[in-house]
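The values are calculated or read from the model by the stated rules, or taken from the named source; none is laboratory data. Please read all numbers here as calculations on a predicted model, not as lab measurements. Positions of Cβ are generated from backbone atoms using ideal geometry, with glycine treated the same way; all protein chains shown enter the neighbour counts. SASA here: full protein model, heavy atoms, side chains in, ligands and nucleic acids out. Shrake-Rupley method; radii C 1.70, N 1.55, O 1.52, S 1.80 Å.
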Amino acid sequence: MDTIRRVTALFTVCIFVVSACPLVVTGAVTVVRNDMDLEDTGISLVELVPDANLTLEQGTAVRSGSGEFSAVWGTADGDHYVDLTFTHEAGTELDFNESTGTYQDMVYVYEQCEWTREELPDRVKLELDFGVAFSDDFVTGWDNPGWSSVYPLSVSVSAWCVDASGNWNELFHSGPPYYQSDSGEPIVTTRKTGLTYSQVVDCFGGMVEDDAGHQEDANDTFTVVVGLTLTHYFYRLPVGGDEPWRHVNGSVTVRLSRVSFEAFTIDPDAAPARLDPTLVVTAPSDGSRFYPSIAVDSGHSFYAASYSTSTDPASPRLVKWSANGDVEWQRPICQQSYDFVRVLSVGNRICTVGGIRHHGEDNAHIVLLTVWDTEGTMTANTTVELEGSPLAFLDAAADAAGHLWVLAAETSGQTLTPLILGVDMSGQVVHTGQLDDFPVQLAVSADGTLVLLMPDRVDAYNSELQHLWSADTHGMVASASVDPSGNVYAIGRPYEDDVPLLPDRGFSLLRLVSEGQADWLSVTRQTIGDRHGDTATSDLSWAVGRPVHAAFAAPAVGTCMALVIGEYLEYSALVKFNASGRLVQSYSLGHISDMLSEYSPGTPVGLAVAPDGLVYLAWPTQVIALDIGLTGGGTGTTGTLLVVAVSAVGVAAVAGAAVLYVRRKRSTVPAIHGPAATPGAGAGPQ
């Protein structure tokens, strides 16, 4: 292999230092608001707790014979709350089960709820507003210095769902930090959790009838319980074995002001139109997997890189398929293992650019470039180094003139320096620029303009690495792409009036026109009726994370399409915008999750658009082609933007693209997860 270094007699390397840019584009921007009412997409919200704000002083109960637990109702500034208090006298013995390491003593508040639907909810979330305050020896301790770091762990705020059969199903238990005012009052904060699949089944499965009309529980009611409990740290310290219950005189108060338990159900008949794949290619059954990158040539053939999971090194191979999905050839790329590889189509050539770790004495990172013709002949095979310094690969893109641009990091000890490298098809480095920050993504327009997506802005450079403009993105951008006219589209978390909308419920699509001028900002958020998604749909929120790739196709004038992949594949959708940023249509892709295996949250997805408008997606075990009605991909002066965004959480609510999975019922009654009933316990679920 040839080694490319910074100084050589064979060619000239132009070096630029690309620093923070002086020109920052500002100015008024048209804001387009797209509030998507989830009820219109078949999603309904049910608040399961009748009195979530505790205005009616619901039931409380004590499970303890010690006399040290109590509950008191109160109001502050018009808000209702209940104080659950444990006041301990040193040496008072409580009911601790050494075999399970749990206390049976507790004080709790409870509300009865019901679930009358004959289906399991698709998502359920629990939100609690509470604070915890400690007094006296709980804070000051005794002559054991270890207690000061342990006491916040000695109590817990726990929540259960108790079904009609008497099973206590634990949903939540708290941990520090807790906050209290200077006067010792608890400072209330919000804690929230989404129920897991098994928790949904345990809580609701007994109330759902089977095909014969039978159900496990006697009726359709259950009880939500929130209580103050003690942990094993109050019984015995992990270091030294001292027993705090013998020494502590003091109290713990939990102030609880809200218990929200919400279920979401989805009507699959109300979901938008489905897009069925026109082609599905599956990885070989020998354990091979695809890297998250794919390329399509002018003849509609497509290419991806695969690797073996059963060999070391993984022996990556470049695979070519015909337009109808038949394998035409496979070629070994190298004998090492790629950390990540980008497959690019450049004219009539195919390039692979990726990072490998050289398993030699220095264990160094190497950027490896290979170039192939469409018949499978390798025409270049080159490693890229700079004065002997190893490089870590970040990303790559190509322009219409056949120039490759590679984002890399130069490593020197513990120091990483971000670089951009211009490389020709022979593997020679012709430009090198040092950056002042690590880009999130690299895109190249048809005229060769480089667009670097930085953490807080978009920077544009010409092919000589001369700065053209910068646009502030307020730290919202997760992915960017460029159309043939040089307009930039950036997608990311929602913001408005230069302020992020928190929590992140929805997404923003920003269009930048000539010289980086902001044209419009389309903000799409979730609502249910008159409630915004930041309070109503945190379990179904669309919080766009870092994407893997973005591509542009050029069919209908002035339209934009965002392809959003959710944490759960059934919540994936294609969302279409018009030329003004208005949301006009969405398509469900949820059903393709049935075809995909080994997908987990954050799995990278490769994307490419063929000249005939087909969209290709590369998952670890499948390559899928979708016909979304595009024509003339990659040509013309205007077109349709396609962006892949990997979401941190599910996105069914935004696109209405959910497929309601068939949930299993409980096959057996689960073991009791909550405290066992004790003789003489107070009212409430036993």
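Shown for the stretch 300-355: the carbon plus sulfur share of the solvent-accessible area, taken with all protein chains present and a 1.4 angstrom probe, equals 43%. Highest-first packing order for the peptide set 139-146, 414-421, 293-300 is 293-300, 414-421, 139-146, based on the mean count of other beta carbon atoms within 10 Å.
Amide H to amide H, with H built 1.01 Å from N, D242 comes under 5 Å of L237, counting only residues 5 or more places away or on other chains. The overall shape of the stretch 151-253, judged from the alpha-carbon gyration tensor, is prolate: a/c is not under 1.5, and a/b is greater than b/c. Here the stretch 40-131 has 41 percent of its accessible surface on carbon and sulfur atoms, given a 1.4 Å probe and all protein chains in place. Modelled label positions at S198 and D210, each set 7 Å beyond Cα in the direction of Cβ, lie 2.2 nm from each other. Residues whose amide H lies under 5 Å from that of L54, counting only those 5 or more places away or on a different chain, are V259; hydrogens are built 1.01 Å from N in the peptide plane.
Once the C-beta distance of E47 and V584 is scaled by a Förster radius of 22 Å, the resulting FRET efficiency is 0.10 to the nearest 0.05. At the residue level, D129 shows approximately 30 square angstrom of accessible surface with a 1.4 angstrom probe and all protein chains present. Taking Lys and Arg as +1 and Asp and Glu as -1, the other residues whose beta-carbon sits under 12 Å from that of A398 total -1. Annotation: peptides 232-238, 206-212, ranked by per-residue average of other Cβ atoms within 10 Å with the highest first, follow the order 232-238, 206-212. Between the alpha-carbon centres of the stretch 147-168 and the stretch 430-481 there is a gap of 50 Å. Summarising the amide proton neighbourhood of M106: residues at separation of 5 or more, or on other chains, whose placed amide H is nearer than 5 Å comprise R63, S64. The 3J(HN,Hα) values that the Karplus relation (6.51, -1.76, 1.60; θ = phi - 60°) gives for the stretch 510-515 are, in residue order, 10, 10, 10, 9, 4, 6 Hz. Gly and Pro appear as x.
Within the shell defined by Cβ-Cβ distances under 15 Å, the residues around P186 carry a net charge of -3, with Lys and Arg each +1 and Asp and Glu each -1. Per-residue 3J(HN,Hα) values for the stretch 226-232, derived from phi via the Karplus relation 6.51 cos²θ - 1.76 cosθ + 1.60 with θ = phi - 60°, read 10, x, 8, 10, 9, 10, 5 Hz in sequence order (x marks Gly and Pro). Each part reduced to its alpha carbon centroid, the stretch 402-427 and the stretch 324-348 end up 20 Å apart.
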